[in-house]
Each structure stands twice: as C-alpha cells, then as structure tokens.
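Here the structure comes first, spelled out in structure tokens, and everything after it is commentary.
Laboratory data are not the source of any read-out in this text; all were calculated from the coordinates shown. Not measured: the values here are computed from a predicted model. All Cβ positions, even for glycine, are placed from backbone atoms using ideal geometry, and neighbour counts span all protein chains on display.
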Amino acid sequence: MSASKRTPSRNATAELLFEIGCEEIPAGMIAKAAQELKAILAKQLVTHSLVDEPTAEASIETFGAPRRLVAIVKNVRVKQEDVTREVMGPPKSVAYGGTGEPTRAALSFAEKQGISLSKLMIVNTPKGEYVAAKITTLGKPATEILSQALPEAIREISWPRSMAWSGLHGPRFIRPIRWIVATLGGKVVACSYADVRSGDHTEAHRFLGKRTVTVKSSKDYESKLKSNFVLCRPDVRRRKIEAELKTVPAKRGLHAHQDASLLDAVTYLNEYPTVILGDFDPSFLVLPEEVLITVMRGHQKYFAVESRKGELAPHFLAVINLPRDPKGLVRSGHERVLRARFADAQFFWQNDQKTKLGDYLPKLSAVTYERRLGSYGDKVERMRWLARWLSEQWVASGVSHADVAGADRAAELAKCDLVTDMVREFTELQGVVGGLYAIAQGEPEEIASAVYDHYKPLGLDDPLPRNLTGCAVALADKLDTLVACFAVGAIPTGSSDPFALRRAALGIVKIILEKHLPLSLSATISAAARSLKDHAPRIEAGDTVQKQVLDFLLERTRYVLRERRGFAYDEINAAFAAGADELGDAVERVAAVKAIRPTKDFGPLAASFKRIRNILEKSAGKGDKTQEKVDPALLQEVGEMQLYEVSRQVGEEASRLKKDRKYKKALEKISELRPAVDFFFDKVLVMAEDEHIRRNRIALLGGLLKEFSTIADFSELVPEEGK
C-alpha cells in the first residue's frame, strides 16, 4: 500500500501558445473545433498536473480563423510538481526479527524501492508497526509532456470528414496542416504532427504583409498578425463586419437586410474581412424577393440591401478578404458572378412556370423518398389523406375555419416544386418556390400560403404556418415522416438523426400548442399509421410503433415545457401522469399545478397522496384491494367518516370545475381535503386487524387517489427540500 502527496508548488508558470495552421477550414466547422480543442487541452493538462482542474476552464482560451485553430493557456506549470509517496513494507517484526537486525525481507523491500536500509522508516498503523519508505518522484518538465500531448490534441479533434495528405494511412485532419506554433514562455515546444515540426513562426495573410511572422506570446502573436492583415479572433472580425454593414450602405441611404446566420458564416470565411457595396441590374427585381435573397446569400454569401422603405434595392454587400478595393476590381468580379446567377434564376422562374405546378405531380413518382418508404409521390398521397383527416377532426370540434378540400389541395401541391429547375438549383427554397408558383398561377392565397409554409417550423424559434390549412399540411407531413420512419426502424440514435425526426416532433408540438389545436395525439398517430397501411408502400405500424412515436412526441413536449416555458420536471410528470393525449389540455393542467403549488395546503396534501400510494403499493396485499367501493356501514372512526363525507363533497365540486377546464380552481378545491386527510392519518389505523374494516379503508384511500389524480398525480411532486 502507498499514500502520495504533492510537494507544495514553488514552480514557475508560463503561457502556452499553440496554433494549428492549415489550408482553409470550412467556415461552419471552426467554432465547434475550437471548443473541442479547449476540452481536449483541459483534459490533457489536468491529467498531467500542468494546470489545476478548478482553474482549467478559465485558464484556456481557444478560437479560430479560416487557416488556423489557436489555444492560449495561462499559468501552465513549467515543471510538474514532485510527488512523494509513502510505501508500506513488511511488518517490523518480519523486517528486523527478534535481534533487531535487518532480515532478508527488509533488504528486499529496500532494494525494490531503490533506497538504502538507513532510509527505511517505522510507522504505526492500526495493524501494528510496519516498515515504510518515502519515495519521491521528480516532476517532468512541461516541454517534455507537451511534446506528446499537443500532437495527441490535434489527433483527437473530431471532424465530419477529414483528409490524409501524407499517405493513405498517414495522420488525418480536416485540411492539410502547413505549420504548428508551440511555445511555452516564449520558448519552442518541440513536437510534430504529419511531418510538420513545431516552431515559433506563424503564417500571416495569404497575399498581404509578411508571409511568416515570428511570435513569442499571445500579445505578440495577435499584434503581429493584425499588422499583417490577420484578425485571428472571431469576435474582432465580427465587430468589424457588423460596423461596416451599417456604415457602407448608409452612405447611399440604404441598410443591410438582417441575416444573423449569414453573419455567423462570413465571420469565419475571411481573416481580414472588409465590406464592399456592389450593384446589379434593377430589372432582376421582378423576381420574388425570396429568390433574389437566396441567390445572394446561399451561393455567394452576399447580404441583400434594402431601401429606407424596407424594399429590396438593386445592390448587395460582399465581405472580401482584403483591406480595401480601391479600383473596384473585386467589386466588378462579384457583380459579374451575381449577374450570371440571377440570369439562371430568371430562366428557371420563367421556364418552370410553363408547366402548371400540379402537373409536376406525376414526376414525384420517380423521386425516391426512402428506399423502404417509396417515392415522394407515395408520400404525397399519405399526406393528402392525413391532412383531410386532421381538417375533419377540427370541423367536428367546431373549428369553423378548417377547410378539408383546401387541405387536400395544398397537400397535393406541397412537394411538386421538388422536381422544378429552381429547387434543383436552390434546394433551400423547397416549399417557398411551390408557394410562389402557386400564387403566380392563380391558386387561392390560402392554399399558396399553405404550400409555402408547410416545412415550418424548422425550429422552436421559427414562425408557424400562417393559416390552419398550412398547419394541417405541415402536421400531415411531419406525422407521416415520424410514423413511417419509426415503422421501418429509422429511429434517431445519439447524434444521428438523418430524417430530422427530432425537429419534426418539435414542430408538431409547437404547432399544436401555439395554435391551440384540439387534437388527440394517440388518435392522430393511429390515423398516420392507417394512412401508411392503406397507401404505398402499405407498411404496418402496429401498437408498439405507435407507442414509440407517442413517447417520442411526449418527450419533446416535456423538453419544450421545461426549457422554454419554465415548468419544473415534477410538475410536468404530475400532470402527464393524469394523461397527456391532448397536449393543450395537459399544458393547462401543468400550469394549474405550478400556480397552486406554493399555497400552504398543497404541499402537505401532495405528501399525503404520496403516502397513500405507498400504502396501496407496498403495505396493502392483493386481498386487501379487492373491494372497489366504500361501504359506509363499515366506517367506524370519526377520521374515516369525516374523510369519506368531505371527499364526496369536494369531489362533486372538483369534477364540475374540471369539466369546465378550470383546473386551478379545481386544485384549490382539492386542497381543502388536507385537514380531513391529516386527521385521518393521525387517528385511523389503515391496516386494521379486522379484514373487512381494513379492506374498506383501503378502498377509501384507493378511491381518493383515483378520484383526485385526474388533473395531476400529486404523488409525483417532489418536496422542495427533496429536489
């Protein structure tokens, strides 16, 4: 056995500067890779005792640019602390015998520990006196450790895909590595990866300034790169872009079209970003705004420009990797490229509309949706049936503006744009193009808007379809996707979700809750399963699959209520335990539980219901639970008589309030049971010796639990001190 302790540190600390220089990394991967590098370095440095775990997060800073990932670590120990261990040997009686002279056991122990006999110690333990040795392991220099840890950190960064450039089985990275900077306290940490040796030289801008720059510290690194046209920090690049997006168009009385995701992208596209204003032929403004903006942002990463009235102007904003464009040569090049792209879009717009949108429908039969689920033509038929069914349910529920025929027509047209030239070229416009073509070809606005919106919402912050017909088509599309994919086993696992089923489920939940749509989840899932069986590919989605889909949707609902609406997990559990088939109703009950929870009687009453459940589940035997109704003639104690009468009175009023969906008032009424419940448990022995009385009391408690758990199961609530 041994115990170890570290010698109090007198080690000096230094700054670690680590840069991986490579060819241009795809913009969307840089931020994630920088965060991953931080986690990897923290693990490595803590494991090797070069930084302390509590301060590791604060001491490491990572960031990236198109040609580099950078880590700056403050206060790295230049040498590991020495570690002293106390190693226990044989008992003293064995090591020295009766004469006090060292025995072979003592000699062997000393040899094994690499010390002389004179350095052995005698220590007292609960088992008696033992021989021990103090062994000090000298800490290694940080440079020695980092020479192995830094290449390992490069190797551990995960990428969606990676390249090998020094041989088929050589080291891999997202792009070929060209240089590595690794310095500790200004001195080079010798290491290598993929035959690239570390040094204190970084590369600056590809075309401007010095090609290589010698650096010693983070301050030195940033200032020298900046003077050579590299802004290595993304927040600095972003602020420069944001400022110029305001000032450049403002000179002509214009402003940039707001686009947060595009701003994120261009922040990582250039190392020295500068915004320039370009122009295009105003004749292209006859194209829909959605098409023009998509062409500009999707392929060219340009910002659209608007007039003071908010109308699209014949200009664009490009972010270039140069400090200026004095002769306008770069601007002219961008204008030329955009003109060609707009000309293509104009041709697609005109050519596609030579065919009616509905006439594209037969072509969908040749487009595979999923090999086991048939074509998009098959999916459209399932969507049409399900959209009609949904609208019929709403008509039956009294939703006056539900339109069965409109939902059918919108679902019929919803996927037709997938085979148009415009969507083949600009896939992100699917749905949008269908809606634009529909309105241009004379379809009613209600139907065109439904086609346009049916992919919405794409996220919890995305807008909903504008009308009920659009909601019917969106729900039909998403529900068919969920049930069909679950039926063939294409279920999300971990981070793998190729059919975006989690997003589809969140979209379903958001539409139902925010549009306050009356809908039974189980009935709707069953309808989607019936559609899958009655239409190609005629696959069975049985009870097990339907239960999986229901659980999947309820789990997404729990997430929305917990993370977006601020309900506690046990409040959700309590309400859902009483039923969650109609989401709107379930959420009203969750809200009622949250509202009533702070009142003085509710907490103790919830604890009493938990006690009742425990009695019924753990104390009462099977024979004790055979009686369904209370026999008033067997009520003997005042406590049980009082509870019986009060529960009947409260139950009648609570049932009336529940029927009117006045759940908060119903729970307030149920809270009035507390004195009677407390008195019952104080004065009445539930598990009485008399079998008939015991069964009657169990029936009283069982009826109480059943009757008053239809809004929420109070036993699911966790006391505040127990959370």
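Checking every one of the trypsin sites (Lys or Arg not before Pro) in the stretch 141-193 against DSSP loop status and a limit of 15 other Cβ atoms within 10 Å picks out 161. Spin-label pair residue 500-residue 134: with each label point 7 Å from Cα along the Cα-Cβ axis, the two points sit 6.6 nm from one another. Dipole check for the chain: with +1 at the C-beta of Lys and Arg, -1 at the C-beta of Asp and Glu, and the Cα centre as origin, the magnitude is about 2540 Debye. If a spin label sat at a point 7 angstrom from the Cα of residue 565 along the line to its beta carbon, the backbone N atoms of the stretch 427-465 nearer than 20 Å would be those of 457-465.
Straight-line cross-link partners of residue 224 among the aspartates and glutamates, defined as a Cα under 13 Å from its Cα and at least 8 positions apart when in the same chain: 200, 203.
Placing +1 on each Lys and Arg Cβ and -1 on each Asp and Glu Cβ, with no other charges, gives the stretch 234-342 a dipole about its Cα centre of roughly 360 debye.
Against the compact-protein benchmark of 2.2 N^0.38 Å, the Cα-based radius of gyration of the stretch 600-722 scales to 1.03. How much FRET efficiency would the formula 1/(1 + (r/R0)^6) give for residue 427 and residue 616, where r is the Cβ-Cβ distance and R0 is 45 Å, rounded to 0.05? Efficiency computed from Cβ-Cβ geometry: 0.20.
Which order results if 385, 179 are arranged by neighbouring Cβ count within 10 Å, fewest first?
Fewest-to-most ranking of 385, 179: 179, 385.
When the Cα positions of 479, 214, 430 are compared along the charge dipole of the chain, 214 comes out farthest toward the positive end, with charges on each C-beta of Lys, Arg, Asp and Glu. For the stretch 83-137, relative contact order (Cα pairs under 8 Å, six or more residues apart, normalised by length) works out to 49 percent.
Given (1) 35.8, 113; (2) 27.2, 89; (3) 34.5, 144 as candidate values of Rg and Dmax of the Cα atoms in Å, which corresponds to the one derived from the coordinates? Checking each listed value against the structure points to (1).
Each of 654, 452, 133 was placed along the dipole of the chain (beta-carbon charges, centred on the mean Cα), and the one lying farthest toward the positive end is 133.
Under the simplified labelling scheme, the residue 547-residue 220 pair shows an inter-label distance of 6.7 nm, with each label point 7 Å from Cα along Cα→Cβ. Of all lysines in the structure, the ones whose alpha carbon falls short of 19 Å from that of residue 415, not counting any fewer than 8 places away in one chain, are 354, 356, 363, 379, 456, 478. The dipole here belongs to the stretch 339-487: it is taken about the Cα centre, uses +1 on the Cβ of Lys and Arg and -1 on the Cβ of Asp and Glu, and is about 320 debye. The order of the peptides 636-645, 552-561 by mean Cβ neighbours within 10 Å, most packed first, is 552-561, 636-645.
Using a 7 Å offset from the Cα along the Cα-to-Cβ direction at both residue 58 and residue 155, what is the distance between the two label points in nm, to one decimal? According to this spin-label approximation, the distance is 3.3 nm. Length gained on full extension, residue 662 to residue 371: 99.9 nm, using 0.36 nm per residue less the C-alpha separation. Computed on the stretch 234-342, with alpha-carbon pairs under 8 angstrom and 6+ residues apart, the relative contact order is 32 percent. Based on Cα contacts under 8 Å between residues 6+ apart, the chain shows a relative contact order of 7 percent.
So which GluC sites (Glu not before Pro) in the stretch 268-314 pass both tests, a DSSP loop state and at most 13 other Cβ atoms within 10 Å of the Cβ?
Sites meeting the loop and neighbour criteria: 311.
Among 704, 48, 717, whose Cα sits farthest toward the positive end of the charge dipole of the chain (+1 at Cβ of Lys/Arg, -1 at Cβ of Asp/Glu, about the Cα centre)? Of the options given, the answer is 48. Cross-link candidates for residue 219: which lysines have Cα within less than 29 Å, leaving aside residues fewer than 8 places away along the same chain? Within reach: 32, 38, 43, 74, 79, 140, 187, 210, 240.
In terms of surrounding Cβ atoms within a 10 Å radius of their Cβ, 93, 496 rank from fewest to most as 496, 93. Gain on full extension, evaluated as 0.36 nm per residue between residue 125 and residue 169 minus their Cα-Cα distance, stands at 10.3 nm. The slack in the chain from residue 687 to residue 111, taken as 0.36 nm per residue of separation less the alpha-carbon distance, amounts to 200.3 nm. Sorted fewest first by neighbouring Cβ atoms within 10 angstrom, 432, 181 come out as 432, 181.
Restricting attention to the stretch 487-631, the count of lysine pairs at 8 or more positions apart or across chains with alpha carbons under 23 Å apart stands at 11.
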